[in-house]
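To keep things clear, I will list the structure first and then write my remarks on it.
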Amino acid sequence: MRYSGFRILKEALTGHKGWGHAWRDPEPQASYDYIIIGGGGHGLATAYYLAKEFKQARIAVLEKGYLGGGNVGRNTTIIRSNYLLDGNEPFYEFSLKLWEGLEQDFNYNAMVSQRGIINLIHTDAARDAATRRGNAMILNGADAELLNRDQVRAMYPFLNFDNARFPIKGALMQRRGGTVRHDAVAWGYARGADGLGVDLIQNCEVTGMRIENGKILGVETSRGFIGAKKVGVAVAGSSSKVMAHAGMRLPMESHVLQAFVSEGLKPLIDGVMTFGAGHFYVSQSDKGGLVFGGDIDGYNSYAQRGNLPVVEDVIEGGMALMPMIGRARLLRTWGGIMDMSMDGSPIIDRTHIDGLYFNGGWCYGGFKATPASGWCFAHLLAKDEPHVTAKAYRFDRFLKGLMIDEKGQGAQPNLH
Amino acid sequence: MIIHHPILGPRDAQEFVYLGDASLIGRPDGLTASIEDFHNYTYLRDNPAGAHRELWYHEQGDRSWLVVTRNTVTHEILQVELARDVARAEGRSK
């Protein structure tokens, strides 16, 4: 069924009896051409693009819980392509372009809102760095603008411009950045993939991989063995656990990142704002809640909850930037598990096992990458060669010294 | 999280800096190890869900390095040792 304005009218006149389920709930078949492990944003996007753009094949997505129950349902919904390095920026700009056409493409309202993102500048050195970054963005086909102090003040007059430690001197702005309704991304891709014949199998945890003579034959699951010609793993947060079934150790640690939302307030922040120096970023949801976050907790964790010191640290950042935030009540906090890679950048690559492919290491930036991650992973699965924008995301970049280290922190995952 | 320091007793985890997996104690010999050995040492991790031995540095305390065994699923701290003792037991120091 295609969703449209006419459809809403028709259903309104007929008692909303014709909507039906958005996707099927099929039993797993004995084997598939492609199995995607992980029914989150990236896995569902991979299945969708694999079915739509690359191959008409028998495809299944295996999800241990429910669709979109992991990080795609736990992030702060920001999209942007304001990266610096050559290995990253073309990929994220490709992703932003896919976001721009996404809702028409998969016929689902994902509430893509290009409300603009600014990164605040506090020093001359930071302005130089922002200028360089903005030029790198423009060279890769993205948009970037350098705002002065008055332009920022016109947008957000309530900020603490004269903070003694971090006075606001300007900002780097990307007007095409913004926010997306995160759950709707998972639902839209799920519905789109299902409509193209992909089996979305929930409550199906992968418990092992059957590998013989260096080739994958299928996966053991909580619902029995399922054969496959090719298996793609897209389970960021749990990557090390799943790839351990193939005997692989990964260049990453799992860390917990917390996020926060305040009570609903009147319209205050119409874009996205990042206060990098204060380890704080914020946007306002359509329901009025301030959605904000900061640093990861900084120690290995698989618990989807963090600890109070980071709560205090994030809120201190918020108070420094916009002191009136102290009058708002905090409604909810939550945590998600990140694959923190050794250079802060992801991996989309084949493995040394024939037919086994990997997508992960997204650190805390996976949401914005969802469309391009799915597209590039589908490209890799279908054609056995990387997409032109994802060529740098290789496993062996650490061995070859080709790290993509945006923050220049080295092999210290909790600092990226 | 409260880390029970072997010398100083219970201390808040905020006083510490986290480094990562305690296997970092076992640095390969720079004169004999292969590039692959160093790659595996520097970049690859077991990253277990469950008990994890990891290095914490008591920066705002006595500046000792500790090996903390902690459950990464529950954040429960199971054991705390001085990294010096662990390293010596592994034959790292003379």
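The values are calculated or read from the model by the stated rules, or taken from the named source; none is laboratory data. Please read these numbers as outputs of a predicted model, since none were measured by experiment. All Cβ positions, even for glycine, are placed from backbone atoms using ideal geometry, and neighbour counts span all protein chains on display.
For the condition surrounded by 20 or more Cβ atoms within 10 Å (Cβ to Cβ), touching a residue at least 12 places away in the same chain (Cβ under 8 Å) and more than 21 Å from A:Val272 (Cα to Cα), what is the one hit in A:Leu62, A:Leu102? Full working, then the answer.
Working: A:Leu102 fails: more than 21 Å from A:Val272 (Cα to Cα).
None of the others qualify; the one that does is A:Leu62.
(1) surrounded by 12 or more Cβ atoms within 10 Å (Cβ to Cβ); (2) within 12 Å of another protein chain (Cβ to nearest Cβ): which one isn't true of B:Val86, the others all being true?
(2)
Considering segment A:41-59 alone, what residues qualify as being in contact with a helix residue (DSSP H, G or I) (Cβ under 8 Å, 6 or more places away or on another chain), surrounded by fewer than 22 Cβ atoms within 10 Å (Cβ to Cβ) and not in a helix (DSSP H, G or I)?
Result: A:Lys55, A:Ala57.
Kindly indicate the residue of segment B:52-67 that is in contact with a helix residue (DSSP H, G or I) (Cβ under 8 Å, 6 or more places away or on another chain), crowded, with 18+ Cβ neighbours inside 10 Å and within 14 Å of chain A (Cβ to nearest Cβ) and also farthest from B:Gln14 (Cα to Cα) among those meeting that condition. Working first, answer last.
If we filter segment B:52-67 for residues that are in contact with a helix residue (DSSP H, G or I) (Cβ under 8 Å, 6 or more places away or on another chain), which is where we start, we get B:53-56, B:58-61, B:64-67.
When the remaining residues are screened for being crowded, with 18+ Cβ neighbours inside 10 Å, the result is B:53-56, B:58, B:65-67.
In the following step, the residues that additionally are within 14 Å of chain A (Cβ to nearest Cβ) were identified as B:53-56, B:66-67.
Working: B:Arg53: 18, B:Glu54: 15, B:Leu55: 14, B:Trp56: 11, B:Leu66: 14, B:Val67: 16 Å.
Across segment B:52-67, the extreme among qualifying residues is B:Arg53.
Mind listing whichever residues of segment A:129-149 are out of contact with any Lys or Arg (no Cβ under 9 Å at 6 or more places or on another chain) and in a strand (DSSP E or B)? It would help to see each step written out before you state the result.
Filtering segment A:129-149 down to residues out of contact with any Lys or Arg (no Cβ under 9 Å at 6 or more places or on another chain) leaves A:129-140, A:147.
Once the filter is applied, which keeps residues that are out of contact with any Lys or Arg (no Cβ under 9 Å at 6 or more places or on another chain) and in a strand (DSSP E or B), segment A:129-149 yields only A:Leu147.
Mind listing whichever residues of segment A:199-231 are polar (S, T, N, Q) and closer than 16 Å to A:Gly38 by Cβ?
Keep residues of segment A:199-231 that are polar (S, T, N, Q), which gives A:202-203, A:207, A:213, A:221-222.
Residues satisfying the conditions are A:Gln202, A:Asn203, A:Thr207, A:Thr221, A:Ser222.
In segment A:204-233, what count of residues is obtained for those that are part of a strand (DSSP E or B) and acidic (Asp, Glu)?
So the first thing to find is which residues in segment A:204-233 are part of a strand (DSSP E or B), and the list is A:206-212, A:215-221, A:224-233.
From what's left, acidic (Asp, Glu): A:212, A:220.
Total meeting the criteria: 2.
Quick one: in segment A:394-415, of everything that is of a type in the set (Asp, Glu) and closer than 23 Å to A:Ala129 by Cβ, which residue is nearest to the other protein chains (Cβ to nearest Cβ)?
Applying the first criterion (of a type in the set (Asp, Glu)) to segment A:394-415 yields A:396, A:405-406.
Those left that are additionally closer than 23 Å to A:Ala129 by Cβ: A:405-406.
Details: A:Asp405: 12, A:Glu406: 17 Å.
So, considering only residues that are of a type in the set (Asp, Glu) and closer than 23 Å to A:Ala129 by Cβ, the one nearest to the other protein chains (Cβ to nearest Cβ) is A:Asp405.
Among the residues of segment A:135-144, is any of a type in the set (Gly, Ala, Ser), under 26 Å from the mean Cα position of the chain (by Cα) and crowded, with 20+ Cβ neighbours inside 10 Å? It would help to see each step written out before you state the result.
Taking segment A:135-144 first, the residues of a type in the set (Gly, Ala, Ser) are A:136, A:141-142, A:144.
Next, from what is left, pick out any that are under 26 Å from the mean Cα position of the chain (by Cα): A:136, A:141-142, A:144.
Add one more test, that the residue is crowded, with 20+ Cβ neighbours inside 10 Å, and what stays is A:142, A:144.
Within segment A:135-144 (the criterion being of a type in the set (Gly, Ala, Ser), under 26 Å from the mean Cα position of the chain (by Cα) and crowded, with 20+ Cβ neighbours inside 10 Å), the answer is yes, since at least one residue qualifies.
If you go through segment A:198-217 one residue at a time, do you hit one that is within 14 Å of chain B (Cβ to nearest Cβ), touching a Gly at 6+ places or on another chain (Cβ under 9 Å), surrounded by fewer than 18 Cβ atoms within 10 Å (Cβ to Cβ) and not basic (Lys, Arg)?
Yes: segment A:198-217 contains one or more residues that are within 14 Å of chain B (Cβ to nearest Cβ), touching a Gly at 6+ places or on another chain (Cβ under 9 Å), surrounded by fewer than 18 Cβ atoms within 10 Å (Cβ to Cβ) and not basic (Lys, Arg).
Mind listing just one residue for me: the one in segment A:79-99 that is touching a Gly at 6+ places or on another chain (Cβ under 7 Å) and not in a loop (DSSP other than H, G, I, E, B) and, of those, surrounded by the most Cβ atoms within 10 Å (Cβ to Cβ)?
A:Ile79
For A:Met338, state whether it is closer than 24 Å to B:Ala13 by Cα, within 14 Å of another protein chain (Cβ to nearest Cβ) and touching a Cys at 6+ places or on another chain (Cβ under 9 Å). Before you say what the answer is, go through the steps one by one.
On the way: closer than 24 Å to B:Ala13 by Cα: yes; within 14 Å of another protein chain (Cβ to nearest Cβ): yes; touching a Cys at 6+ places or on another chain (Cβ under 9 Å): yes.
It is true that A:Met338 is closer than 24 Å to B:Ala13 by Cα, within 14 Å of another protein chain (Cβ to nearest Cβ) and touching a Cys at 6+ places or on another chain (Cβ under 9 Å).
B:Thr74 passes all but one of (1) on the phi < 0 side of the Ramachandran plot; (2) surrounded by 15 or more Cβ atoms within 10 Å (Cβ to Cβ); (3) facing another protein chain (nearest Cβ under 7 Å); which number fails?
Condition not satisfied by B:Thr74: (2).
From the list A:Ile168, A:Ile216, A:Ile201, exactly one residue is of a type outside the set (Ser, Thr, Tyr), in the same structural domain as A:Gly271 (by TED's automatic domain parsing) and touching a strand residue (DSSP E or B) at 6+ places or on another chain (Cβ under 7 Å). Which is it?
Numbers: A:Ile216 fails: in the same structural domain as A:Gly271 (by TED's automatic domain parsing); A:Ile201 fails: in the same structural domain as A:Gly271 (by TED's automatic domain parsing).
Of A:Ile168, A:Ile216, A:Ile201, the one residue that is of a type outside the set (Ser, Thr, Tyr), in the same structural domain as A:Gly271 (by TED's automatic domain parsing) and touching a strand residue (DSSP E or B) at 6+ places or on another chain (Cβ under 7 Å) is A:Ile168.
Which residues, counting only those in segment A:65-76, are in a loop (DSSP other than H, G, I, E, B) and either of a type in the set (Asp, Glu) or buried (at least 22 other Cβ atoms within 10 Å of the Cβ) (or both)? Full working, then the answer.
So in segment A:65-76, the residues in a loop (DSSP other than H, G, I, E, B) come out as A:65-70, A:74-76.
Passing the criteria: A:Leu67, A:Gly68, A:Gly70, A:Asn75.
I want to confirm something. Restricting to segment B:16-46 and keeping residues that are among the small types (Gly, Ala, Ser) and free of Cβ contacts under 8 Å to residues at least 24 places away in the same chain, which single residue is nearest to the other protein chains (Cβ to nearest Cβ)?
Initial filter on segment B:16-46 (among the small types (Gly, Ala, Ser)): B:20, B:22-23, B:26, B:30, B:33-34.
Subsequent filtering for residues that are free of Cβ contacts under 8 Å to residues at least 24 places away in the same chain retains B:30, B:33-34.
Numbers: B:Gly30: 16, B:Ala33: 14, B:Ser34: 11 Å.
Here the residue is B:Ser34.
Filter the helices (runs of 4 or more DSSP H) completely within segment A:306-416 down to those with at least 1 residues that are aliphatic (A, V, I, L, M) and assigned by TED's automatic domain parsing to the domain that holds A:Ala186.
Working: elements: A:308-321, A:366-383, A:397-400.
Passing ranges, in order: A:366-383, A:397-400.
Only one residue in A:Gly289, A:Gly294, A:Gly306 is in contact with a helix residue (DSSP H, G or I) (Cβ under 9 Å, 6 or more places away or on another chain), in contact (Cβ under 8 Å) with a residue 12 or more places away in the chain and either among the small types (Gly, Ala, Ser) or away from every other protein chain (no Cβ under 14 Å) (or both), so which one is that? Even if it seems obvious, please write down each step before you answer.
Numbers: A:Gly289 fails: in contact with a helix residue (DSSP H, G or I) (Cβ under 9 Å, 6 or more places away or on another chain); A:Gly306 fails: in contact with a helix residue (DSSP H, G or I) (Cβ under 9 Å, 6 or more places away or on another chain).
Unique residue meeting the criteria: A:Gly294.
Being in contact (Cβ under 8 Å) with a residue 12 or more places away in the chain, over 26 Å from A:Glu385 (Cβ atoms) and surrounded by fewer than 24 Cβ atoms within 10 Å (Cβ to Cβ) narrows it down to one residue among A:Gly227, A:Gly264; which is it? Don't jump to the end; show me each part of the working.
Values: A:Gly227 fails: over 26 Å from A:Glu385 (Cβ atoms).
A:Gly264 is the lone residue from the list that is in contact (Cβ under 8 Å) with a residue 12 or more places away in the chain, over 26 Å from A:Glu385 (Cβ atoms) and surrounded by fewer than 24 Cβ atoms within 10 Å (Cβ to Cβ).
Pick from A:Ala277, A:Ala244, A:Ala236: which is within 20 Å of B:Leu44 (Cβ to Cβ) and part of a helix (DSSP H, G or I)? Before the answer, list the steps.
Values: A:Ala277 fails: within 20 Å of B:Leu44 (Cβ to Cβ); A:Ala236 fails: part of a helix (DSSP H, G or I).
None of the others qualify; the one that does is A:Ala244.
Go through A:Gly195, A:Gly188 for me and flag whichever is assigned by TED's automatic domain parsing to the domain that holds A:Ala378, buried (at least 16 other Cβ atoms within 10 Å of the Cβ) and closer than 21 Å to A:Asn75 by Cα. Talk me through it step by step, then tell me what you get.
Working: A:Gly195 fails: closer than 21 Å to A:Asn75 by Cα.
Matching residue, one of A:Gly195, A:Gly188: A:Gly188.
Being closer than 18 Å to A:Ala244 by Cα and either within 13 Å of chain A (Cβ to nearest Cβ) or out of contact with any strand residue (DSSP E or B) (no Cβ under 7 Å at 6 or more places or on another chain) (or both) is the requirement here; does B:Ala49 meet it? Outline the logic, then answer.
Numbers: closer than 18 Å to A:Ala244 by Cα: yes; either within 13 Å of chain A (Cβ to nearest Cβ) or out of contact with any strand residue (DSSP E or B) (no Cβ under 7 Å at 6 or more places or on another chain) (or both): yes.
Criteria met by B:Ala49.
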